[in-house]
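Here's the structure we're looking at; comments come further down.
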Amino acid sequence: MALLDIKNLHANVAGNKILKGINLTINPGEVHAIMGPNGSGKSTLANVLAGNEIYEKTQGKIQFDGADLDDLAAHERARAGLFLAFQYPVEIAGISNMYFLKAAVNAVREHRGEEQLDAMDFLDLIEDKKQVVKIRDDLLGRAVNSGFSGGEKKRNEIFQMAMLEPKLGILDETDSGLDIDALRIVSDGVNALRTPDRSFLVITHYQRLLDYIVPDFVHVMVSGEIVKSGGKELALELENDGYASWAGEEGV
Amino acid sequence: MELQQLRETAAAHFKADGFPTTKDERWRFTDVSRVANTEFSTEWKASNLKFKPLGDYYLVFENGKLSSEKSKIDGLPAGVKVGSIMDHLDPRLGQLSDSQSAFVAANTAGFTDGAFIEIADGVSLDSPIHLIYLADLDGAAFHVRNFISAGKASHVTVIEEYIGQPNTSYWSNAVTELFCADHSNVDHYKIQLESATAFHFQTVEAQLGENVLFSNHSFTLGAALGRNDIRGKLLGEGSEAICNGLYLLKDKQHFDTHLFMDHAVPRCNSHELYKGILDEKARAVFCGRILVQQDAQQTDAVQSNRNLLLSRGVKIHSLPQLEIYADDVKCTHGATVGELDEEALYYLQTRGIDPKQGHAMLTYAFANEVLDEVKSSAVKEYVGRLVQDWLE
Ligand SMILES: Nc1ncnc2c1ncn2[C@@H]1O[C@H](COP(=O)(O)OP(=O)(O)OP(=O)(O)O)[C@@H](O)[C@H]1O
Ligand SMILES: [Mg+2]
């Protein structure tokens with residue numbers, strides 16, 4: 001059974017039609033990449049999947065791990081194993097990263113019928129997962145994303161993903177803002193999280209990321225539609241030719 | 001002045017002027033006619049309320065009267081005097097600048113008890129002195145008067161806590177006078193947990209000598225109607241006054257905070273951070289007046305009042321008032337009124353945290369900025385829990 005099955009998805013934001021009939025199926029263990037020009041709707045798709053209510057789904061059906069996503073609020077989707085690493089992670093003053101992570105991990109554990117982690121177990125888990133993306137200790141003590149550099153925010157997103165162990169990780173331009181070394185570390189971290197069951201949807205503008213996180217499928221999104229799908233070689237083609245051949249009414 | 005004479009003068013003021021009305025500029029947004037129109041009894045009874053001391057030394061006042069059985073002041077180091085104000089009348093009592101205000105005058109004319117604390121020069125007290133005021137007498141008025149004197153280079157932490165029995169109606173009308181001598185370090189906290197049907201008014205006035213570090217933190221959760229007047233007088237150079245506060249109001253609670261920071265001499269700092277969380281039909285008034293007198297060059301004064309509105313039915317009046325007569329000063333102020341950050345709430349939700357918990361986390365985070373500044377770990381922990389409980 002597919003982990004994620006999107007059929008004819010249409011979505012609006014602020015009254016504008018952004019997604020215009022997306023079809024996408026992701027099976028367990030697969031890595032899919034989505035590329036496409038600025039404003040084509042990639043983040044919109046990610047946020048519709050994550051359950052942001054400012055995006056209005058007008059048509060279509062999304063099945064995630066056997067459930068209809070329409071029935072689940074954002075926090076229930078997260079608990080069910082859907083994780084979005086944001087293009088622009090939000091800064092939250094006054095809540096420490098540690099406190100936030102503990103609340104998140106325990107919410108997800110409760111849903112899975114697992115015991116709540118006490119302070120000691122939680123610290124052990126942190127120590128363990130911290131290695132995945134080599135996150136610095138001082139970032140953990142600070143307020144969530146507050147004053148983090150662009151790259152630190154992205155790394156923190158992947159760290160959270162490692163902590164929450166989702167079934168599907170959606171990475172929205174996680175590579176943008178990362179320096180060359182950080183890109184390698186974060187990609188290695190994502191690869192370390194790959195399992196036969198865990199799937200990824202990787203949104204990116206650059207072929208370079210896909211050299212590290214090698215996708216099974218690449219899709220091209222233009223003006224809210226997937227205009228072409230292929231294997232990893234499609235990303236190379238795009239790198240050379242750009243999106244010119246799909247330039248539509250928006251004149252991308 | 002003799003106490004008797006002080007009382008007579010105050011009673012005469014009160015008789016002549018009566019309670020303020022909303023026509024009075026300083027009381028424009030706070031209508032005290034409910035207090036003015038209530039007859040309060042002068043009965044007394046012991047209190048059944050429970051309390052938890054936050055320090056090694058504490059005085060317990062039951063419905064306005066000191067209970068020596070419930071208090072504990074043994075083991076105080078030499079040079080520290082703690083007791084009832086009725087046994088220790090300091091000649092400086094009643095010298096505060098706001099003596100003519102109706103609430104202060106009513107207190108001066110009628111106070112029946114209160115705390116007296118005197119720390120000798122050079123003495124440091126490690127444990128806080130906790131003053132606990134228990135109120136569970138319907139229809140009563142409590143006028144307590146506190147007098148705190150910190151000697152030169154002394155160190156002291158005083159916590160005032162007002163606890164009321166739910167659903168009792170009474171009028172608590174307190175005045176605290178603080179004298180902080182040169183180089184002293186004084187931390188003053190007030191935790192107000194009066195009954196939600198009570199009236200609570202307090203004037204706190206602190207006079208600071210040279211190189212004093214003074215802080216006042218006021219946490220307001222209780223009372224149907226109330227007001228804090230907090231007045232700092234910077235009379236010696238090189239001193240720093242911190243006046244922070246947090247008010248958490250719901251139902252139809254109305255709470256007014258009037259700060260007045262008087263910079264009379266050069267090179268003093270004052271920092272004021274007041275945050276409010278308002279729900280349901282609550283009303284808050286914040287008036288922060290900073291006066292920088294002509295001589296007070298190189299003053300550094302910062303004031304900020306930030307409010308979080310949890311419902312559409314609340315109202316807030318935030319009024320900064322800067323009066324600056326010196327030219328070489330740094331003064332900033334800001335007031336904000338906002339709602340919870342939806343984007344932050346969504347972010348928490350995408351990590352599995354449900355909206356209710358997310359709401360509580362973000363609201364707590366808002367309050368936490370004030371708690372972070374609290375030096376006393378006992379106060380920080382206790383008030384932290386009170387805030388958590390309030391949010392639930
Ligand atoms: N909250 C919003 N309010 C108004 N318009 C929005 C909002 N979110 C997205 N849009 C619009 O929807 C369109 C698609 O935006 P989206 O962020 O999905 O693009 P994207 O493909 O992720 O672009 P990029 O590559 O630049 O990240 C854009 O025209 C954008 O301006
Ligand atoms: Mg985007």
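The values are calculated or read from the model by the stated rules, or taken from the named source; none is laboratory data. No experiment lies behind these values; they were computed from the predicted model shown. Because the Cβ atoms are built from the backbone with ideal geometry, glycine has one as well, and the counts that use them run over all protein chains shown. The protein model used for the area step is the full one, side chains on, heavy atoms only, and it has no ligands, DNA or RNA in it. Shrake-Rupley method; radii C 1.70, N 1.55, O 1.52, S 1.80 Å.
Data for the structure
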read-out: Note, ³J(HN,Hα) from phi for segment B:222-234, Karplus 6.51, -1.76, 1.60, rounded to Hz, x at Gly and Pro; value: x, 6, 6, 9, x, 7, 10, 10, 10, 10, x, 10, 8
read-out: Segment A:4-249 - charge dipole about Cα centre, Lys and Arg +1 at Cβ, Asp and Glu -1, debye rounded to 20; value: 300 debye
read-out: Chain pair A, B: total accessible area buried, heavy atoms, 1.4 Å probe, Å²; value: 1800 Å²
read-out: Quotient of C-alpha Rg and 2.2 N^0.38 Å, computed over the protein assembly as shown; value: 1.19
read-out: Percent carbon-and-sulfur accessible area, segment A:4-249, ignoring ligands, DNA and RNA, probe 1.4 Å; value: 48 percent
read-out: Gain on full stretching of the segment that runs from B:Glu280 to B:Glu369 - 0.36 nm per residue minus C-alpha separation; value: 29.7 nm
read-out: Distant-in-sequence amide H partners of B:Arg306 (H built 1.01 Å from N, under 5 Å); value: B:Tyr274, B:Lys275, B:Gly276, B:Thr336
read-out: Å² of accessible area per residue within chain A, as computed with a 1.4 Å probe and no ligands counted; value: 43 Å²
read-out: Accessible area per residue, Å², chain B with all protein chains present, probe 1.4 Å; value: 40 Å²
read-out: Whole-Hz couplings from phi, Karplus 6.51/-1.76/1.60, listed for segment B:254-269; x for Gly and Pro; value: 10, 9, 10, 10, 10, 9, 9, 10, 10, 8, 9, 10, x, 6, 10, 10
read-out: Sparse-neighbourhood loop sites, GluC sites (Glu not before Pro) in segment B:1-60 - DSSP loop, at most 16 other Cβ within 10 angstrom; value: B:Glu2, B:Glu39, B:Glu43
read-out: Beta bridges by DSSP in chain A, antiparallel share as percent, to the nearest 5; value: 60 percent
read-out: Cα point-scatterer Debye curve for segment B:264-392, base-10 log of I(q)/I(0) at q = 0.13, 0.15 Å⁻¹; value: -0.68, -0.84
read-out: Peptide A:45-55, shielding by other chains (average Cβ, 10 Å cutoff); value: 2
read-out: For segment B:85-90, Karplus couplings with θ = phi - 60° (6.51, -1.76, 1.60), whole Hz, Gly/Pro x; value: 5, 5, 9, 9, 8, 7
read-out: Within the protein assembly as shown, percent of DSSP bridges classed antiparallel, to nearest 5; value: 20 percent
read-out: Within the protein assembly as shown: Cβ-based charge dipole about Cα centre, in debye rounded to nearest 20 (Lys, Arg +1; Asp, Glu -1); value: 860 debye
read-out: Heavy-atom accessible area, 1.4 Å probe, ligands and nucleic acids excluded: residues of segment A:65-86 down by at least 20 Å² from chain alone; value: A:Ala74, A:His75, A:Ala78, A:Arg79, A:Phe86
read-out: Projected area averaged over orientations for chain A, convex hull of C-alpha atoms, nm²; value: 13.4 nm²
read-out: Size-normalised alpha-carbon gyration radius of segment B:342-392, reference 2.2 N^0.38 Å; value: 1.27
read-out: Antiparallel bridge percentage (DSSP; both residues within segment B:3-341; nearest 5); value: 5 percent
read-out: Amide hydrogen neighbours beyond the local backbone of B:Ile316, cut-off 5 Å, H modeled; value: B:Ala284
read-out: Carbon/sulfur fraction of accessible area - segment B:3-341, other protein chains in place, 1.4 Å, %; value: 48 percent
read-out: Unit Cα scatterers, Debye sum, chain B: log10 I(q)/I(0) for q = 0.11, 0.15 Å⁻¹; value: -0.77, -1.49
read-out: About the Cα centre, charge dipole magnitude for chain B (Lys/Arg +1, Asp/Glu -1 at Cβ), debye; value: 780 debye
read-out: Listed residue (A:Thr204, A:Ile170, A:Gln59) projecting farthest to the positive dipole end of chain A, Cβ model; value: A:Gln59
read-out: Distant-in-sequence amide H partners of B:Phe147 (H built 1.01 Å from N, under 5 Å); value: B:Ala115, B:Phe116, B:Ile117, B:Glu177
